Every structure is written in structure tokens, then in C-alpha cells.
Amino acid sequence: MSAHSWTAYWDRFWFAPKPQAILTIMRMSYGAYLIFYFWNLQPVMEMFFGTSGLVALGGRFPQQPSPVPTIFTILSDRSDTVVWLVTLLGMFSGAILATGIFNRITPLVAWICVSSVVTIIPSNSGDFLVQCYAILMVFAGLAGHLGKPVWQCSTGDHPAWSLRLFQIQIVFVYFFSGWHKLASVAWYNGSAFHYVVSQEFWSRFDITWLAAYPVFTSAITTFVLFFELLLFPVLIWVPATRRLMLGCGLIFHLMIFATLKVFVFHQIVLLFYLAFLTSDDISQLKNHLESVLKKRHLTLFKFSQPYHE
């Protein structure tokens, strides 16, 4: 491939026009998710930074020293009032983000609230992905790519680079998650899923009976490695296999969420999947919703008519 072809591909990858509706859907979904996220995080923040929290009581916990100021370090790290301030401000920023008002400023407020929690409270990879999503929303918002308020129709296109950042982020998450798993003996020899189903603490219901089928658990372990290391990072970019990868990932994460008490990671990953939507996907979804609503309207109209013998 010539240098000119590589340059053309590079320009097309980063700057080809993409429908503004995609980032609008992502913005609305992430904003709604932040309301749920901060409400569920409030008891955790209160446990650490409340008036009677671990910091106020002088207890030791694996707190991560923040390299940058946060709302807690600036105001107070031992106050119920500050805990509720962060909670409500985070929920409010999510609500405003979902409605599409002040799209250049609101993502920044949401990022400050998320970062104030994630940078100092011991967290898992899911929380860091919530923070990554927030900072990528800041970039998209400052570029004016987040669309219009909900009462206005978001039309037109924008350069692809803001969507590409979300796409590359989740591809890297999958690849390096699989790469890290290879360093574990349990994953390398195919027994990791056996240990997952053998325990009961993290299970929502009893799935220990699956441990009696080692061929199945080994196959699932191997599939997860292939999916994270190779299948998703490569085939998600191929138009013919894009929907297949998204469908496999959706089923995979929903099954884990339904069976195991893994709270944040699987939710935020599915929000990253929205970055791989296309204009055809949106058109088909819109037509399907219009068809369903039209059928319901006709059904309601039919039953609302007076009966005549």
C-alpha cells in the first residue's frame, strides 16, 4: 500500500463524517447512567468520607493518594454534607447531560464529580472506565459533537475522531484484559471459569453445578481469552462481523451480570458499545420503534371505538 493510500485511510478513519445522532444517544445513555451510578455510590462515599466515616475516625483503609485536587480534598473528607454535595452534583450533571443542555460545560462537571470519587476511593476497573467515558465526553463536548437538547432533533454529521476515541478505548480494554489474564495460571490452563462457578459468594444464585462439567468451563475460559485478545479487537472493525461481535459481547456481559455480582464493569462496557453504531443501525431502530408505536396506536384506537351490534 502506497504512502498516499495510508494517508487517505488515516484521514478517513479519523475525520470521515459520522452521524451526530450516535454521540447524542451515547450522551443521553451516559447521563442517565450517572444518575444511577452516583445514587448507588453514595453509601460508599459516606462510609469513607462521612461525618462518622473511616477518615473521620482515623481508620486505616487502602486510600489512593490523589495526585490532583478533588472535591473532597478541597472542601472536606469527613462531612456528610460534602458527600451529599458530590452525590447530588453528580446526579444533576448526569440529568443535564442526558437532556443535552450546556453540552460543553456539563461533561466537565460530570468528569470532576466522577474523578473526585475514583481517584481516591479504592475502586475496580469498572469505575475507571466510568472516568474514561467522562473525559472522552469532555473532549466530544468541547468539540461540539454531543448534539442538541432532547426537544431538538440532532441532525448532521461530525468528524469521526470523537467516536474513534471511545472505540479504541474499549478495544484496548479488551486486549489488555486478555493479555493480563494470560499471566494467570488458571486462565492459561483453562480452569479459571471452573473456579468462578465453584464459589457462592459472588454468585447471584447457585451455579456450582456447572463445575461438574470441566469441558464446558474450559471451553468458556478459552473463548473469553480469544474474544478479548483477538476476536473483538480485530473483527469489530470488519463491517461484516461488527454486529456479530457486538451481539456476542452483549450476551456475554448480560450473562455475567445476571449470574455474578459484578456491578459497574459490564454496565459501562455496554455504553462503550454504542460507539460502534452506524447510521443504518439507527435508521433500523427508528423504523422498528415507529412500527411498534404505530401498531399500538392502531390497537388502542380499535379498542377505544364504541361497539355496535
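The values are calculated or read from the model by the stated rules, or taken from the named source; none is laboratory data. All values derive from a computational prediction rather than experimental measurement. Ideal geometry is used to build each Cβ from the backbone, glycine not excepted, and the neighbour counts take in all protein chains shown.
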Taking first residues from segment 8-26 that are touching a residue at least 60 places away in the same chain (Cβ under 8 Å) and second residues anywhere that are of a type in the set (Gly, Ala, Ser) and part of a helix (DSSP H, G or I), the pairs with Cβ under 6 Å that are 6 or more apart or on different chains are PRO19/SER279; LEU23/ALA140
Residue list for segment 75-98, filter: free of Cβ contacts under 8 Å to residues at least 12 places away in the same chain and within 19 Å of the chain's Cα centre (by Cα) | PHE92
Subset of segment 251-262, residues surrounded by 14 or more Cβ atoms within 10 Å (Cβ to Cβ) and out of contact with any Ser or Thr (no Cβ under 8 Å at 6 or more places or on another chain), comes to PHE252, HIS253, ILE256, PHE257, VAL262
Per the filter on segment 140-156, residues surrounded by fewer than 20 Cβ atoms within 10 Å (Cβ to Cβ) and at pLDDT 85 or above are LEU142, ALA143, GLY144
Among the residues of segment 271-291, write down those that are of a type in the set (A, V, I, L, M) and either assigned to a strand (DSSP E or B) or touching a Leu at 6+ places or on another chain (Cβ under 7 Å) (or both).
-> ALA275
